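Engineer: Quick one: the structure is below, and I'll ask about it shortly.
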Amino acid sequence: MTSFHRRLLAVLGTCTALLLAVLAQCARLQLLQGGHYTERAQLRRRRVEFLGPERGRILDRHGIPLASTVHSLVATLDPYALDPAWRLACEATDVPAASALDRMAVLDLAAAAAPELPISVPVAKTVRTAVAVRLASRFPGLIEPPAPGAGPTVSLCLRLDAWRCRHLPWRRLAALLAVDPEDVARRVDAHRARSETIREPDRRRAARREPLTLAEGLDLATAAHLLEEGSDLPGLEVGALPRRVLPGGSLAVHLLGHMGRMGPDRRGALVAQGGLLDLRGDIRESADLLPVRGGASFEREPVGRSGLEAAFEDLLRGAVGMRLLEQDRHGQVREVVEELPPVHGRDLRLALDAGIQAVAEAALDRAVAVHALDPTRSGGAVVLLDARTGECLVLASAPRHEPDRLRTDFAALRDDPADPLVHRAVRGAYPPGSVMKVLVAAAALGEGVVDPSETVSCGGRFGRAPRGFGCHGHGDVALEGALAVSCNTYFYEMGHRLGVERLARWARAFGLGATSGLPLAGQEAAGLVPDPDWKRRRLGEPWYAGDTWNMAIGQGHLLATPLQVARLAAALATGCVPRPTLVRGEDPEGRSLEIPAALLEPVRRGMRRVVEAPGGTAAGVEALRELPMPIAAKTGTAQAGPRGSHAWFAGYAPADVPRVAFAVVVEHVGDEGTGALAAAPVAAEVLRAWSASQGTRP
């Protein structure tokens with residue numbers, strides 16, 4: 001074989017090897033990885049649009065809407081669809097894209113020049129000529145084509161005259177919406193900055209589909225004008241957006257809660273439960289849902305963040321639907337490939353009475369304004385329970401806040417010294433003051449340490465104490481009279497006889513020191529029932545006899561919420577500690593007290609004497625005398641340091657056939673603001689409203 005033939009065979013062998021390598025690569029791309037690249041191609045021409053379900057309403061016991069969803073017209077902008085040429089040019093050349101503010105400054109300079117002047121500016125110093133040719137052919141008139149005979153690299157330039165023509169609708173849009181164009185530009189930059197923090201490619205594509213809301217609450221005329229004016233502006237859409245509203249404004253705002261962006265934990269839980277997306281049929285395995293599996297798009301779906309909106313999220317929310325859209329290379333939708341409708345949420349009917357709640361809030365606001373030493377740093381609460389079922393008819397707190405301020409002025413609300421974000425009815429923990437005496441009386445009778453007719457001598461100071469522990473000198477008083485005049489000396493003696501262990505046990509039996517079980521995760525305070533172990537662990541101090549005596553009159557370290565005090569009143573009225581419920585129609589649950597009903601009668605009579613007997617601490621309250629039914633109650637004035645005392649009034653009504661139990665507290669009142677003066681009139685207004693709602697008129 002000649003050398004020529006050997007060289008020919010070598011060339012043929014090399015060519016054959018190269019051909020086989022090319023065929024192998026083609027086979028790998030077509031057969032083994034064809035599906036992968038097909039999916040990637042599908043992702044570039046299809047996108048998923050989520051269809052939010054109609055959120056269920058929150059209604060009061062009579063069907064009055066407290067929280068509902070309305071649809072408002074909104075204008076949204078896809079910032080990435082706004083400037084595809086600029087973005088693609090920067091991506092192709094690995095040059096960071098200029099901010100929207102920078103582009104706007106350049107456009108302002110261009111606008112000052114003659115409109116017919118073909119101004120162009122570089123967006124990349126050097127780029128391969130082939131790239132520049134490709135971009136210029138894809139965006140004719142917008143990207144400056146390379147000059148004939150250009151070298152291997154050129155400067156990529158953008159024609160500002162064409163760019164300005166495309167950009168002017170944005171400025172017209174800003175003018176029409178009465179917003180600052182620079183503000184829109186800043187929001188565009190912020191939106192893109194958030195999107196770029198998501199590193200996974202599929203999640204980034206999904207995140208970039210989140211539109212930027214330019215304006216909400218548009219009227220029909222403005223929406224129609226925007227559609228007409230913005231027809232040449234890519235990425236502008238006008239549509240209906242569901243918005244959660246509270247028709248009553250701040251009415252029961254703490255209880256209802258608020259909506260907000262979904263956090264990662266909540267998003268993961270909803271996806272796992274199937275409550276966020278309901279996928280059915282062949283679409284489940286489609287590559288078009290890769291962004292869905294990434295989960296980034298779900299973060300903008302609003303969910304309940306507090307109150308009932310959060311507690312009953314699964315009931316109210318429903319399930320998200322989706323629409324698979326086919327779009328062209330300019331991002332315009334051409335076809336709806338498949339649509340899965342959303343599953344709407346269910347309504348939630350509460351035990352709350354909106355009318356009585358409104359009366360309670362107004363009366364509470366007036367009491368705080370009149371009696372608090374500093375109304376700007378004080379508040380209060382009102383609780384009204386069905387004494388038999390535990391249904392919460394009223395859970396009022398003051399001060400409150402307008403719902404929209406959480407979104408627009410959260411920092412000011414958070415730093416407000418009056419704490420308008422705190423739901424005081426369930427989260428405010430206060431010394432109960434003399435209201436505690438009804439519990440001590442029941443405990444003393446239950447333990448057999450006193451007879452109802454036994455008297456204790458009150459000479460103005462508790463004789464067992466070397467100093468302090470004073471009273472008003474009521475003379476010889478028995479249990480009923482001691483409750484009527486709120487004699488400290490009598491209850492110091494009862495606390496001494498019971499001892500701290502039995503006193504703490506009875507306090508817990510009446511529901512103090514623990515949450516009630518309301519479905520308000522993290523929002524209900526447990527209060528505090530102190531004992532020697534607690535004081536030793538927390539304060540490193542021993543328990544003294546004086547601690548027990550203070551606890552017996554509702555002072556010291558003892559803390560209770562208004563809801564707990566209302567449960568205490570209901571337990572004295574019925575002999576059963578009810579479990580509070582927020583939803584109407586729930587089966588009532590309760591726990592019977594370990595005390596014969598007959599032993600509670602002296603306590604009940606003493607509570608009636610508070611209001612009816614001469615010398616009773618609330619006998620002089622005219623508003624109580626004008627009520628259409630008798631009530632049993634107890635006043636309280638709990639010391640709270642230099643900012644004043646807390647005024648309490650708690651009890652049940654009607655006194656002969658108990659139907660409701662109540663508790664009112666007004667914070668930081670002055671010397672003139674006792675429980676009878678500051679809190680009792682509030683209770684009277686609430687009870688009058690409840691009576692009217694039952695068909696009983698004064």
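The values are calculated or read from the model by the stated rules, or taken from the named source; none is laboratory data. Everything quoted here is computed from the prediction, not taken from an experiment. Every residue, glycine as well, gets a Cβ built from its backbone with ideal geometry; the counts of neighbours run over all protein chains shown. Only protein heavy atoms, including side chains, enter the accessible area calculation; ligands, DNA and RNA are left aside. Shrake-Rupley method; radii C 1.70, N 1.55, O 1.52, S 1.80 Å.
Engineer: Hey, among the residues in segment 410-431 that are more than 30 Å from A661 (Cα to Cα) and either touching an Asp or Glu at 6+ places or on another chain (Cβ under 9 Å) or not in a loop (DSSP other than H, G, I, E, B) (or both), which one's modelled with the lowest pLDDT? Show your work before the answer.
Structural biologist: Filtering segment 410-431 for residues more than 30 Å from A661 (Cα to Cα) gives 410-417.
Going one step further and asking which of them are either touching an Asp or Glu at 6+ places or on another chain (Cβ under 9 Å) or not in a loop (DSSP other than H, G, I, E, B) (or both), we end up with 410-415, 417.
Numbers: F410: 84, A411: 87, A412: 89, L413: 90, R414: 89, D415: 90, P417: 92.
Looking at residues that are more than 30 Å from A661 (Cα to Cα) and either touching an Asp or Glu at 6+ places or on another chain (Cβ under 9 Å) or not in a loop (DSSP other than H, G, I, E, B) (or both), I get F410.
Engineer: So, one more: So which residues in segment 624-643 are under 23 Å from V368 (Cβ atoms) and over 32 Å from the mean Cα position of the chain (by Cα)? I'd like the intermediate steps shown before the answer.
Structural biologist: Narrowing segment 624-643 to residues under 23 Å from V368 (Cβ atoms): 624, 626-627, 631, 633-643.
Listed by number, the residues that qualify are L624, E626, L627, I631, A633, K634, T635, G636, T637, Q639, G641, P642.
Engineer: Still on this structure: Looking at A351, A369, which is the one that is within 23 Å of L59 (Cβ to Cβ) and among the small types (G, A, S)? It would help to see each step written out before you state the result.
Structural biologist: Working: A369 fails: within 23 Å of L59 (Cβ to Cβ).
Unique residue meeting the criteria: A351.
Engineer: Which pairs turn up if I take residues in segment 356-381 that are free of Cβ contacts under 8 Å to residues at least 60 places away in the same chain and look for partners that are hydrophobic (A, V, I, L, M, F, W, C) with beta carbon separation below 7 Å, at least 6 apart in sequence or on another chain?
Structural biologist: Close Cβ pairs satisfying both conditions: D365/A398; P375/V368; P375/A369; T376/A418.
Engineer: So, one more: For segment 332-353, name all the residues that are more than 20 Å from the chain's Cα centre (by Cα) and buried (at least 21 other Cβ atoms within 10 Å of the Cβ). Let's see the steps before the verdict.
Structural biologist: In the first step, residues of segment 332-353 are kept if they are more than 20 Å from the chain's Cα centre (by Cα); the result is 332-344, 351, 353.
Scanning segment 332-353 gives A351, D353.
Engineer: OK, next. Among the residues of segment 653-675, count how many are under 21 Å from A429 (Cα atoms), crowded, with 24+ Cβ neighbours inside 10 Å and modelled with pLDDT of 90 or more.
Structural biologist: Here the count works out to 8.
Engineer: Additional query: For segment 453-504: of the residues being open to solvent by 30 Å² or more (accessible area, probe 1.4 Å) and hydroxyl-bearing (S, T, Y), which is nearest to A442 (Cα to Cα)?
Structural biologist: Initial filter on segment 453-504 (open to solvent by 30 Å² or more (accessible area, probe 1.4 Å)): 453-455, 457, 459, 461, 463-464, 466-470, 472-474, 476, 480, 485, 488, 496-497, 501-502.
Filter once more, keeping what is hydroxyl-bearing (S, T, Y): 453, 455, 457.
Working: S453: 14, T455: 16, S457: 20 Å.
Taking the candidates together, the pick is S453.
Engineer: Next question. Would it be correct to say that R61 is touching a strand residue (DSSP E or B) at 6+ places or on another chain (Cβ under 9 Å), open to solvent by 80 Å² or more (accessible area, probe 1.4 Å), at pLDDT 75 or above and not polar (S, T, N, Q)? Break it down stepwise before answering.
Structural biologist: Details: touching a strand residue (DSSP E or B) at 6+ places or on another chain (Cβ under 9 Å): yes; open to solvent by 80 Å² or more (accessible area, probe 1.4 Å): no; at pLDDT 75 or above: yes; not polar (S, T, N, Q): yes.
The answer is no for R61.
Engineer: Among A633, A683, which is touching a helix residue (DSSP H, G or I) at 6+ places or on another chain (Cβ under 7 Å) and either open to solvent by less than 50 Å² (accessible area, probe 1.4 Å) or of a type in the set (V, I, T) (or both)?
Structural biologist: Details: A683 fails: touching a helix residue (DSSP H, G or I) at 6+ places or on another chain (Cβ under 7 Å).
None of the others qualify; the one that does is A633.
Engineer: Any residue at all in segment 432-446 that is in a loop (DSSP other than H, G, I, E, B), modelled with pLDDT of 95 or more and closer than 23 Å to W648 by Cα? Write out each step before concluding.
Structural biologist: We begin by selecting, within segment 432-446, every residue in a loop (DSSP other than H, G, I, E, B); these are 432.
The next check asks that each one be modelled with pLDDT of 95 or more; those that pass are 432.
Then keep just the ones that are closer than 23 Å to W648 by Cα; that gives 432.
Yes, there is a match, as at least one residue in segment 432-446 is in a loop (DSSP other than H, G, I, E, B), modelled with pLDDT of 95 or more and closer than 23 Å to W648 by Cα.
Engineer: Which condition breaks for R424 when tested against (1) farther than 28 Å from R55 by Cα; (2) under 17 Å from the mean Cα position of the chain (by Cα); (3) basic (K, R)?
Structural biologist: That leaves (1) as the condition not met.
Engineer: Any idea which of A560, A526 is under 27 Å from H254 (Cβ atoms) and open to solvent by less than 20 Å² (accessible area, probe 1.4 Å)? Spell out the reasoning first.
Structural biologist: Values: A526 fails: open to solvent by less than 20 Å² (accessible area, probe 1.4 Å).
Just a single option satisfies the conditions, and that option is A560.
Engineer: Determine if segment 322-331 includes at least one residue that is touching a helix residue (DSSP H, G or I) at 6+ places or on another chain (Cβ under 8 Å), open to solvent by 70 Å² or more (accessible area, probe 1.4 Å), within 23 Å of R243 (Cβ to Cβ) and among the charged types (D, E, K, R).
Structural biologist: If we filter segment 322-331 for residues that are touching a helix residue (DSSP H, G or I) at 6+ places or on another chain (Cβ under 8 Å), which is where we start, we get 322, 324, 326-331.
Narrowing further to those that are open to solvent by 70 Å² or more (accessible area, probe 1.4 Å): 329-330.
Going one step further and asking which of them are within 23 Å of R243 (Cβ to Cβ), we end up with none.
No, the conditions are met nowhere in segment 322-331.
Engineer: Would you please name the residue that is nearest to D386 (Cα to Cα), looking only at residues in segment 675-697 that are among the β-branched types (V, I, T) and under 30 Å from the mean Cα position of the chain (by Cα)? Walk me through it before giving the result.
Structural biologist: Initially, segment 675-697 is screened for residues among the β-branched types (V, I, T), giving 682, 686, 696.
When the remaining residues are screened for being under 30 Å from the mean Cα position of the chain (by Cα), the result is 682, 686.
Numbers: V682: 18, V686: 13 Å.
Per the criteria, the residue is V686.
Engineer: Scan segment 405-416 and tell me whether some residue there is open to solvent by less than 10 Å² (accessible area, probe 1.4 Å) and in contact with a strand residue (DSSP E or B) (Cβ under 9 Å, 6 or more places away or on another chain).
Structural biologist: Initial filter on segment 405-416 (open to solvent by less than 10 Å² (accessible area, probe 1.4 Å)): 413.
Filter once more, so that each one left must be in contact with a strand residue (DSSP E or B) (Cβ under 9 Å, 6 or more places away or on another chain): none.
Within segment 405-416, none of the residues are open to solvent by less than 10 Å² (accessible area, probe 1.4 Å) and in contact with a strand residue (DSSP E or B) (Cβ under 9 Å, 6 or more places away or on another chain).
Engineer: Could you say which residue among A552, A545 is of a type in the set (G, A, S), in contact (Cβ under 8 Å) with a residue 12 or more places away in the chain and open to solvent by less than 50 Å² (accessible area, probe 1.4 Å)?
Structural biologist: Details: A545 fails: open to solvent by less than 50 Å² (accessible area, probe 1.4 Å).
None of the others qualify; the one that does is A552.
Engineer: Let me ask you something else. Go through segment 485-517 and count every residue that is touching a strand residue (DSSP E or B) at 6+ places or on another chain (Cβ under 7 Å) and without any contact (Cβ under 8 Å) to a residue 24 or more places away in the chain.
Structural biologist: Selection size over segment 485-517: 1.
Engineer: Where residues in segment 605-624 are open to solvent by 40 Å² or more (accessible area, probe 1.4 Å) and in contact (Cβ under 8 Å) with a residue 12 or more places away in the chain, which of them is nearest to V394 (Cα to Cα)? I'd like the intermediate steps shown before the answer.
Structural biologist: Our first condition is that a residue be open to solvent by 40 Å² or more (accessible area, probe 1.4 Å); within segment 605-624, this holds for 605, 608-609, 612, 614-615, 617, 620, 622.
From what is left, the residues that are in contact (Cβ under 8 Å) with a residue 12 or more places away in the chain are 605, 608-609, 612, 615, 617, 620.
On the way: R605: 26, R608: 23, R609: 26, E612: 25, G615: 30, T617: 25, G620: 26 Å.
Checking each candidate, the answer is R608.
Engineer: Return the pair list, or none, for Cβ contacts closer than 8 Å from residues in segment 136-154 that are at pLDDT below 70 to residues that are of a type in the set (F, W, Y), at least 6 apart or on different chains.
Structural biologist: L142/W163
Engineer: If the Cβ limit is 7 Å and pairs must be 6+ apart or interchain, which residue in segment 649-671 that is part of a strand (DSSP E or B) pairs with which residue that is open to solvent by 10 Å² or more (accessible area, probe 1.4 Å) and aromatic (F, W, Y)?
Structural biologist: What qualifies is V660/W690; V665/Y430.
Engineer: Within the bounds of segment 78-87, is there any residue that is among the hydrophobic types (A, V, I, L, M, F, W, C), modelled with pLDDT of 65 or more, within 23 Å of R334 (Cα to Cα) and not in a loop (DSSP other than H, G, I, E, B)? Walk me through how you get there before you give the answer.
Structural biologist: Of segment 78-87, the ones among the hydrophobic types (A, V, I, L, M, F, W, C) are 81-82, 85-86.
Cutting the leftovers down to modelled with pLDDT of 65 or more gives us none.
The answer is no; no qualifying residue exists.
Engineer: Related question: So, V292, is that one in contact with a helix residue (DSSP H, G or I) (Cβ under 9 Å, 6 or more places away or on another chain), at pLDDT below 75, surrounded by 15 or more Cβ atoms within 10 Å (Cβ to Cβ) and assigned to a helix (DSSP H, G or I) or not? First the steps, then the outcome.
Structural biologist: On the way: in contact with a helix residue (DSSP H, G or I) (Cβ under 9 Å, 6 or more places away or on another chain): yes; at pLDDT below 75: yes; surrounded by 15 or more Cβ atoms within 10 Å (Cβ to Cβ): yes; assigned to a helix (DSSP H, G or I): yes.
Judged against the criteria, V292 is a match.
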